[in-house]
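A short worksheet on the structure shown next.
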Amino acid sequence: YCTRLFTLIGKGTPVPIEPPKELVVKGLYKYTRNPIYLGYWLIILGEFMLFGQLLLLGYLFLFIIANHLYVVLVEEKELRKRFGDTYKKYTNEVSRYIPTGGVRVSRGFLFYRGFLGILTAVGRRFCR
């Protein structure tokens with residue numbers, strides 16, 4: 001579904017070698033800026049719940065960290081360069097990961113934001 005939105009609306013793909021030419025803000029992208037990552041995380045969480053393997057939970061944790069570092073340090077920088085003020089406005093209106101139904105919550109409201117904020121600062125420090 002999301003790949004189809006990139007093709008039809010964005011005139012490209014989610015793959016960095018052929019990025020979209022237009023910013024996609026319709027469909028699931030109205031609710032979260034990263035529905036594909038969120039979907040992957042939910043699949044892994046579901047596998048953990050189904051099989052009960054703690055290794056899957058560890059994998060999920062590491063996968064979320066890796067995805068977040070990539071999103072913040074690489075993907076969002078590129079999108080800011082490519083789409084400018086349009087992307088900035090979009091980031092102010094739509095949450096990075098957790099859909100909020102159009103209601104913006106304060107940065108300190110959700111626990112994960114604090115953890116991911118620290119993780120981002122550490123990543124920026126070591127990825128210069």
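A few notes on this one:
- When residues of region 11-27 are limited to those that are open to solvent by less than 70 Å² (accessible area, probe 1.4 Å) and part of a loop (DSSP other than H, G, I, E, B), the one nearest to residue 93 (Cα to Cα): 25
- Residue list for region 58-76, filter: farther than 15 Å from residue 34 by Cβ and open to solvent by 70 Å² or more (accessible area, probe 1.4 Å): 59, 61, 62
- Given (1) exposed (fewer than 11 other Cβ atoms within 10 Å of the Cβ); (2) in contact with a Phe, Trp or Tyr (Cβ under 9 Å, 6 or more places away or on another chain); (3) modelled with pLDDT of 65 or more, index of the condition residue 102 fails: (3)
- Pairs linking a residue in region 62-86 that is without any contact (Cβ under 8 Å) to a residue 12 or more places away in the chain to a residue that is among the charged types (D, E, K, R), with Cβ atoms under 8 Å and 6 or more positions apart or on different chains, are 80/88.
- Checking each residue in region 1-10 for being open to solvent by 30 Å² or more (accessible area, probe 1.4 Å), part of a loop (DSSP other than H, G, I, E, B) and either free of Cβ contacts under 8 Å to residues at least 24 places away in the same chain or more than 23 Å from residue 98 (Cα to Cα) (or both) picks out only 9.
- Residues within region 28-55 that are closer than 14 Å to residue 97 by Cα, assigned to a loop (DSSP other than H, G, I, E, B) and either out of contact with any Gly (no Cβ under 9 Å at 6 or more places or on another chain) or without any contact (Cβ under 8 Å) to a residue 24 or more places away in the chain (or both), tallied: 3
The values are calculated or read from the model by the stated rules, or taken from the named source; none is laboratory data. Note that the structure is predicted; figures quoted are calculated from it, not measured. Positions of Cβ are generated from backbone atoms using ideal geometry, with glycine treated the same way; all protein chains shown enter the neighbour counts. Surface accessibility is based on the protein's heavy atoms, side chains included, excluding ligands, DNA and RNA. Shrake-Rupley method; radii C 1.70, N 1.55, O 1.52, S 1.80 Å.
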